[in-house]
Each structure stands twice: as structure tokens, then as C-alpha cells.
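J.: Please see the structure below; I have some questions.
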Amino acid sequence: MNNFKNLRGTVDLLPDQLIKWQNVEKIIKEQLFRSSVKEIRTPILEMTELFMRGIGEGTDVVSKEMYTFLDRGERSCTLRPEGTASVARALIQNGIKTKPSQKLWYMGPMFRYERPQAGRQRQFHQLGVEYVGYKSSRSDIEIITLAWDILEKLGIKELNLEINTLGDHNDRLSFQKAFLKWLEVNKNSLDLDSQNRIDKNPLRILDTKDIQTKKILEDAPRLIDFLSEKSINRYLSIKEKLKLLKIPFIENFNLVRGLDYYTHTAFEITSGALGSQSTVCGGGRYDNLISQMGGIETPAIGFAIGLERLILLSGNELEENRGTDIYIVNKGFDAETLAISLSRRLRNYDLITELDLSGASFSKQFKKANKLNSKSIIVIGDDEALRNEFVIRLFGENSLDNKEDKISFDDSIKLEKWISKNLLATITSEN
RNA sequence: GCGGGCGUCGCCAAGUGGUUAAGGCAGCGGCUUGUGGCGCCGCUAUUCGGGGGUUCGAAUCCCCUCGCUCGCCCCA
């Protein structure tokens, strides 16, 4: 076996699987379109510095999961591990002042160097939505409901929305001060992982999985007690509105999320159906990111949905495929040319036509048409070529009677009539 | 980076030390060169992820290695 193989953690998506992907993407895009969210596309490759500064050097993503390499000009480049930093960069670079508020989405591959497992790949796909330049809690609500509605439109059930608030920069500073003081005292009773985080990213200790540490943390200072009145009111109003909108949620004070840039609202949507990688959607507010990256003070909030996990969760009704409408059986020199030109004409209709290219026997071609479940069939052979007409008839399982029509190659009207009577009616009733 | 499970045809598999490695699906060819669905017949792994070892003899036992997979960490 010295054939080529795909790289670990990457996958080939084959035509059959892509039917579902395309349907999922279509539903998502429609929902975004109706919500006035506009698409943005940024490069997959960025300078490494962007992610180090944007996401935070202490984070797991940056410290151990990036695909980083030197290009031929000795520049350090990184395949994007997430989309927010790139979008922020693009907006700053392209003059964010001229468009101070915008609703944006992007969809595409992201790369993280991790051990693959169920629902986790090294190259995976995300839908990201960013509301940039929106400050009020109304934007938090709209973006949470947008994420929720997309998942609902896809027919995904049994989702859990978790929310938390991280406060603003000052809230966090004063909390961190108290928390560090407490950590100093309790350091030795924490698990090793958490001890390591004290210097790098103390907030992350809050969502430790270690049971012992969890218990000890119950007596630690709580972020919520350090929030300013303004921050608290903001959070309370979000909870209030979610209740009024009947979006079920649970509060999770330990929801911190792995990226440094979050402020105020953090949220996550999970599903038990996913196994251990249960997060489908993660997001939050990042009011300081853009200014930290050199832009003007611009509050923003966003989320990302993992498409692979979405595909795993969405039902198989999205796998349904539209079959061939007309299969053109053809054989003989003149017949083949006529068949090609007829197939081109047929592509002006909303029909799926397939021209047989094999030159095989008629019986072979019929077998192929049958395998494809073609709804109808056109036959062009030497006889037809001679008479300048083709044979057309219905083909599916309900039409074994071989009732054929003959249509002249010049008679477009008769062809159109035949199509609308026999094919278009059934196609529209299906959709 | 650390644990557990697994690697036999494109896919699903039987085989657990003895001469030619079942079977099914898919594919190809034929019965049937101008009309399909069913059926029947035939073809498709000198080789069991790779390398080394034990043995008269290995897909089957041992060692190493690679890959996949599930979980931990973390995240989408």
C-alpha cells in the first residue's frame, strides 16, 4: 500500500455525502439572507501574528493547535484556526470607520492540529456570524436567536443553550485580582492542569473538568460578584428577553470559553447526541478585540457553528436527491451529434439531463438509464437520424408500456409540450 | 501530548497455525449488438496495513512500525 492517502484528520466528501451538505448550506444561507446578514470571505492563510495577538498566546488553540509554517519568503504563516480574527483584520484594513456596523457571515474550512475523534477533525468547517459595531444587548439577543433559529430550521432537536457573562475588561481585572489571591492560597489543592493555568490563563481554571478542583472552586470568589452594576443589568436584561422570547437556556457560571477575546456574554449550544464533542455552536461578545488589534473602539458579538457536527445532527431527510429527468440513449455517428445538440437544448429547461457517452449497445444504455432511475428517456439511433426525429417516452417504474412519442428535431413546440405534460408536473409536485 | 479498541478486495465481512484465502454488495462481461427493471452464467485479493522474527508451514503466534477509531485535554 504505497498509494497516496489523505492527511490525518482531513476527509474527502464524496458526491453522495455532499447532497446533505448542500442542503444544509442552502438552508443556512437562506436564513442568513433573510436576516440581512452579508457574506464576507477572507483568506484561509494569515500571518501567524494575527492569531497570536487576536486569540491570545495563552490559549490552547494558539499554543498547541495551529498549523504554522514558514513560506518561501521566511514569513510565518498560519492556516486559520477560527474566523473572527481574520474578519476583524479585514474590517480594520478595509476601513471600518466607513461602515461602523455590519452583520457578516462566512463559511469555510478551519484548521487545528489535534487528535481527531468523533466530531473533530484537523480540517473542519465552520459557519461564523459576526455582528460588528453593535453594542446593545439587543444584538446579543438577535445573534443568539439567529443561531437558535438556524439549528431549528435544520430540524435539530434537543439542544441546550448555556449562557454566562464574563463582564467587561475592568470587571475581569478586579475579579482576576481576587481570584489570583485565592489561587495563591489554594494552589496546592488544585489538579496539575489547573496549577499550570494560573500563570497562563487563570480564568480557564473555572471550567476545569477535575472533580476535586471543581469542589474546591465552590469557595472561590465568583466573577458575578465583581461585575459592575452596568454589566449585571446588561446580563439580567438578556436573560429576561430570552425568557420572554421563550428560548430555553441554562446559566453556566463556569462557561468561560477558550479564546481570550470574549467579554460580557458567552454562550454555547450543545447536543447530547454528539458524544463527547457536544458543542455545536459557541459564541460570545468581544468588545475589545478590534481596538486591541489597532482598529477604532468597536464592540462586536459573534458565534461559530461546526458544520461537521451539524451534519451529524441533522436528519436524513436532507439527503434526498433529485434524480435524472431525461436520459439520452444514442448510437451512430449522425445520431451522436444530434444527441449532443439536443442535450444542449434540453439544458435550457429546469431538467436534469444526461447524455450517454459510452457508445455502448442500446441495451447497455437502457440499463444505465434504469440504474439512474431516469424519469424519461430519449432514443436516437441511425433510423431517427435519417428521419430527423427522436423517440421519447416515460421510463420510470410506472411506465413499462413502452408508449413512445416521435418528435422532429425541428419541433420545439411539441418537445416543450411533452416536457411540461410529462415531466414538469411531476417535478414541481415533488418539491 | 496521554490512554483503550481495531486493521483480510472499492464497501460489508468469514477465516484464530496446514496444500488453491468463504460469502454478500458494488463493478465489468455474457445469455440479450434498437429497447431497462427479474433471473442465470462468468470475471474481479499470488495475498491478509507495512517490516522483521518463531515454525517444516502464519492472515492466524511474538516484536517493531504505520494507519484508523474511540476517549482524555481542548474546542466547532
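J.: I'd like to know if the range A:60-74 contains one or more residues that are under 30 Å from A:Tyr235 (Cβ atoms), under 16 Å from the mean Cα position of the chain (by Cα) and among the β-branched types (Val, Ile, Thr).
T.: No, the range A:60-74 has no match at all.
J.: Ok, one more. Test A:Ala266 against the criterion of being in the same structural domain as A:Ile141 (by TED's automatic domain parsing) and either under 29 Å from A:Asp60 (Cβ atoms) or not aromatic (Phe, Trp, Tyr) (or both), and give yes or no.
T.: In short, yes.
J.: Among the strands (runs of 3 or more DSSP E) contained in the range A:340-399, which hold 1 or more residues that are among the aromatic types (Phe, Trp, Tyr) and either in contact (Cβ under 8 Å) with a residue 60 or more places away in the chain or open to solvent by less than 90 Å² (accessible area, probe 1.4 Å) (or both)? Walk me through it before giving the result.
T.: Details: elements: A:353-355, A:376-380, A:389-394.
Of the strands (runs of 3 or more DSSP E) lying wholly inside the range A:340-399, those with at least 1 residues that are among the aromatic types (Phe, Trp, Tyr) and either in contact (Cβ under 8 Å) with a residue 60 or more places away in the chain or open to solvent by less than 90 Å² (accessible area, probe 1.4 Å) (or both) span A:389-394.
J.: State which residue is surrounded by the fewest Cβ atoms within 10 Å (Cβ to Cβ) when the search covers only the range A:179-198 and only residues that are within 15 Å of RNA strand B (Cβ to nearest atom) and part of a helix (DSSP H, G or I).
T.: A:Leu192
J.: Against the condition near RNA strand B (Cβ under 8 Å from one of its atoms), assigned to a loop (DSSP other than H, G, I, E, B) and open to solvent by 20 Å² or more (accessible area, probe 1.4 Å), how does A:Glu114 come out, does it pass?
T.: Against the criterion (near RNA strand B (Cβ under 8 Å from one of its atoms), assigned to a loop (DSSP other than H, G, I, E, B) and open to solvent by 20 Å² or more (accessible area, probe 1.4 Å)), A:Glu114 qualifies.
J.: Examine the range A:190-199 for a residue that is assigned by TED's automatic domain parsing to the domain that holds A:Arg138 and basic (Lys, Arg), and state whether such a residue exists.
T.: No, the range A:190-199 contains no residue that is assigned by TED's automatic domain parsing to the domain that holds A:Arg138 and basic (Lys, Arg).
J.: Identify the residue in the range A:295-338 that is open to solvent by 60 Å² or more (accessible area, probe 1.4 Å) and not acidic (Asp, Glu) and, among all such residues, is nearest to A:Thr263 (Cα to Cα).
T.: Among those residues, the one meeting the criterion is A:Ile296.
J.: Sticking with this one: Just the residues that are more than 23 Å from the chain's Cα centre (by Cα) and farther than 17 Å from A:Thr84 by Cα, please, taken from the range A:253-268. Steps first, answer last, please.
T.: Let us first name the residues in the range A:253-268 that are more than 23 Å from the chain's Cα centre (by Cα), namely A:253-254, A:263-264.
Listed by number, the residues that qualify are A:Phe253, A:Asn254.
J.: Oh, and also: Have a look at A:Ile150, A:Ile163 and point out the one that is of a type outside the set (Ser, Thr, Tyr), in contact with a strand residue (DSSP E or B) (Cβ under 6 Å, 6 or more places away or on another chain) and either open to solvent by less than 20 Å² (accessible area, probe 1.4 Å) or not assigned by TED's automatic domain parsing to the domain that holds A:Leu307 (or both).
T.: Residue meeting the stated conditions: A:Ile163.
J.: Turning to a different aspect of this structure: For the range A:211-248, name all the residues that are within 16 Å of RNA strand B (Cβ to nearest atom) and either open to solvent by 50 Å² or more (accessible area, probe 1.4 Å) or in the same structural domain as A:Thr59 (by TED's automatic domain parsing) (or both).
T.: Selection gives A:Ile211, A:Gln212, A:Lys214, A:Lys215.
J.: Also: Go through A:Ser276, A:Ser271, A:Ser341 for me and flag whichever is hydroxyl-bearing (Ser, Thr, Tyr) and more than 21 Å from the chain's Cα centre (by Cα).
T.: A:Ser341
J.: Something else about it: Looking at (1) under 30 Å from A:Asp168 (Cβ atoms); (2) within 12 Å of RNA strand B (Cβ to nearest atom); (3) assigned to a helix (DSSP H, G or I); (4) of a type outside the set (Phe, Trp, Tyr), which is the one condition that is false for A:Cys281?
T.: That leaves (3) as the condition not met.
J.: Okay, moving on. State all residues of the range A:402-421 that are farther than 18 Å from A:Asp383 by Cα and either acidic (Asp, Glu) or touching a Ser or Thr at 6+ places or on another chain (Cβ under 8 Å) (or both); if no residue qualifies, say none.
T.: Within the range A:402-421, A:Lys414, A:Glu416 meet the criteria.
J.: List, please: which pairs have Cβ atoms under 8 Å, are six or more places apart or on different chains, and start with a residue in the range A:238-257 that is free of Cβ contacts under 8 Å to residues at least 24 places away in the same chain and end with one that is within 16 Å of RNA strand B (Cβ to nearest atom) and open to solvent by 90 Å² or more (accessible area, probe 1.4 Å)?
T.: Within 8 Å, no pair qualifies.
J.: Working carefully through the options A:Gly128, A:Gly167, find the one that is closer than 24 Å to A:Arg234 by Cβ and assigned to a loop (DSSP other than H, G, I, E, B).
T.: A:Gly167
J.: Here's another thing I want to ask about it. Please work out which one of (1) away from RNA strand B (no atom under 14 Å from the Cβ); (2) under 29 Å from A:Lys99 (Cα atoms); (3) among the hydrophobic types (A, V, I, L, M, F, W, C) is the condition A:Phe253 fails and give its number.
T.: Only one criterion in (1) away from RNA strand B (no atom under 14 Å from the Cβ); (2) under 29 Å from A:Lys99 (Cα atoms); (3) among the hydrophobic types (A, V, I, L, M, F, W, C) is unmet by A:Phe253, namely (2).
The values are calculated or read from the model by the stated rules, or taken from the named source; none is laboratory data. No experiment lies behind these values; they were computed from the predicted model shown. Neighbour counts run over all protein chains shown; Cβ positions are idealised from the backbone, glycine included. Side chains included, ligands, DNA and RNA excluded: accessible areas come from the protein's heavy atoms. Shrake-Rupley method; radii C 1.70, N 1.55, O 1.52, S 1.80 Å.
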